[in-house]
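Report on the following structure.
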Amino acid sequence: MILKNLWDDTAAGEYSTDLSLRVYTSNLLGQSDELVLHGGGNTSVKSVINNEEILYVKGSGWDLVSIKEEGFAPVKMSILLEMAACKVLSDVDMVARQKAAMLDKNAPNPSVEAILHALIPFKVVDHTHADAVVTLSNSVNGEALIAEVFSDFLIVPYVMPGFILARKIYEMTRGDFDWQKCKGIILHNHGIFTFDDDAKRSYDKMIEAVSRAESYLQQHAPLEILSIKNGREIDLVQLQYVISQKKGFDTVCKTDCSDLARFYASQRDLETFATRGVLTPEHIIRTKRVPMVWMEGDDPEKAVERYINDYTNYFQTFAKDEICLNPAPNYAVIQNFGLVYFGKNEKEVSVMADIVQHTMKAVLSADKLGGYRSISLEESFRMEYWELEQIKLISHR
Ligand SMILES: [Zn+2]
């Protein structure tokens, strides 16, 4: 299915200010879950207030689909551009300086990508984690495929989001870089930016670019989900009990035995197949890097213990002074059964289910392109334990 352009002239005609039109196209982007899910992506518009150039950028904790004017943080452009020119800037300093540069101190914290939005010399900037784009990028031939499909884009190798990414783009676009010829930006293993001085054109460019990636996938890696009959029976109550014990609280479980989940859980070499990392880095705070894989004939308690052991090793390999998060799995791929998600409440498990459903399709498609490959273990750890990501779990509304 090719992405729909949801722009409506009559609806858009009701918005006369920069910010109100920005809200409208942000909501449009948010309505397509092939573009962003649950707090993913961010948008901005540059405007002028009392002769001062301001970046209205998505505030942390808001979803594009439901964001309102008060969800945007008004930040002084001059300060953001000053920060972009710094060689190094800690997360703490970035957040403090962005906060000090806000016109309205009651507005939400600006997105971690605020400096990058400021650097792009167009009025309207849209950023999504479009499934089709990250599917191409997260394939073993991702570099060549992205270069082929997005030859008119600036293509950026994976680096941590936030200041490091802004700084990378600052360096790549200094000097005689021609922004007018640049249709957008692809961030490998992460997502895509489009921009324009006009809100509709920036939105149109996003839809057009993502449709290119979708067409490529349709042609070269069409998704085929076979219906699997006679699935395995499992004792869910026992599994829920084991997980609750290990997590230290009563977990809510959600089962997914859809055709997609069953097909996914019946793949060969499942323990390797299902543990190849997240589709876009920010998903890691919800799903962790990998699920627990419970093979047929295995004892569930042993499978959970093995997961905790592996997670603890991963933590110890990369941790400096971080505190280990709960090491129990957030979801399980259960061979010949489907998937089960574990969380504190219904909201948490349904957010996870949405994210993993998109990931499963991407993994199956990328395998048809030669293999799925996400960011490295170390990059995953940096993202999972990034303070500015963990904060999102607390502030998310
Ligand atoms: Zn992003």
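The values are calculated or read from the model by the stated rules, or taken from the named source; none is laboratory data. Everything numeric here is computed off the predicted structure, so don't read it as measured data. Methodologically, a virtual Cβ is constructed for each residue, glycine included, from the backbone with ideal geometry; neighbour enumeration extends over all protein chains shown. For accessibility, only protein heavy atoms count, side chains too; no ligands or nucleic acids. Shrake-Rupley method; radii C 1.70, N 1.55, O 1.52, S 1.80 Å.
Observations, loosely collected:
- For the residues SER26, SER78, the requirement of being touching a strand residue (DSSP E or B) at 6+ places or on another chain (Cβ under 6 Å) and at pLDDT 95 or above singles out SER26.
- Verdict on PHE153 being hydrophobic (A, V, I, L, M, F, W, C), within 19 Å of HIS129 (Cα to Cα) and within 15 Å of the ligand (Cβ to nearest atom): no
- ASP63 vs. criteria within 19 Å of the chain's Cα centre (by Cα) and at pLDDT below 95: yes
- Qualifying residue in the stretch 42-54 (condition: within 16 Å of the ligand (Cβ to nearest atom), more than 19 Å from HIS283 (Cα to Cα) and in a strand (DSSP E or B)): yes
- Evaluating GLN31 against the criteria (1) without any contact (Cβ under 8 Å) to a residue 60 or more places away in the chain; (2) under 20 Å from SER350 (Cα atoms); (3) surrounded by 19 or more Cβ atoms within 10 Å (Cβ to Cβ) leaves one unmet condition, (3).
- Checking LEU165 against (1) in contact (Cβ under 8 Å) with a residue 12 or more places away in the chain; (2) away from the ligand (no atom under 13 Å from the Cβ), the condition it does not meet: (2)
- Condition broken by ILE79, with the remaining ones in (1) under 21 Å from VAL112 (Cβ atoms); (2) part of a strand (DSSP E or B); (3) out of contact with any helix residue (DSSP H, G or I) (no Cβ under 6 Å at 6 or more places or on another chain) satisfied: (2)
- The set of residues in the stretch 145-154 that are open to solvent by 50 Å² or more (accessible area, probe 1.4 Å) and farther than 20 Å from LYS368 by Cβ contains only SER151.
- Selection within the stretch 117-144 - open to solvent by less than 10 Å² (accessible area, probe 1.4 Å), in contact with a helix residue (DSSP H, G or I) (Cβ under 7 Å, 6 or more places away or on another chain) and part of a loop (DSSP other than H, G, I, E, B): ALA130, ASN138
- Set ALA303, ALA366: member being touching a Gly at 6+ places or on another chain (Cβ under 9 Å) and in a helix (DSSP H, G or I): ALA366
- Residue match in the stretch 335-346 (condition: of a type in the set (Val, Ile, Thr), open to solvent by less than 10 Å² (accessible area, probe 1.4 Å) and at pLDDT 95 or above): yes
- Every residue from the stretch 88-116 that is polar (S, T, N, Q), part of a loop (DSSP other than H, G, I, E, B) and away from the ligand (no atom under 16 Å from the Cβ): SER90, ASN106
- Looking across the stretch 175-188, the residues that are surrounded by 15 or more Cβ atoms within 10 Å (Cβ to Cβ) and of a type outside the set (A, V, I, L, M) come down to CYS182, LYS183, GLY184, HIS188.
- Condition met for TYR24 (within 17 Å of VAL65 (Cβ to Cβ), touching a residue at least 40 places away in the same chain (Cβ under 8 Å), open to solvent by 10 Å² or more (accessible area, probe 1.4 Å) and away from the ligand (no atom under 16 Å from the Cβ)): yes
- Scanning the stretch 99-112 for residues that are more than 13 Å from PHE72 (Cα to Cα) and open to solvent by less than 20 Å² (accessible area, probe 1.4 Å) yields one hit, ALA101.
- For the stretch 189-298, the helices (runs of 4 or more DSSP H) that sit wholly inside it and include 1 or more residues that are open to solvent by 60 Å² or more (accessible area, probe 1.4 Å) are 199-220, 236-247, 259-264, 270-273.
- In summary, VAL278 fulfils each of the numbered conditions (1) within 16 Å of the ligand (Cβ to nearest atom); (2) more than 18 Å from TYR372 (Cα to Cα) with the single exception of condition (2).
- All conditions in (1) modelled with pLDDT under 95; (2) within 15 Å of the ligand (Cβ to nearest atom); (3) in contact with an Asp or Glu (Cβ under 8 Å, 6 or more places away or on another chain) hold for ALA130, with the sole exception of (1).
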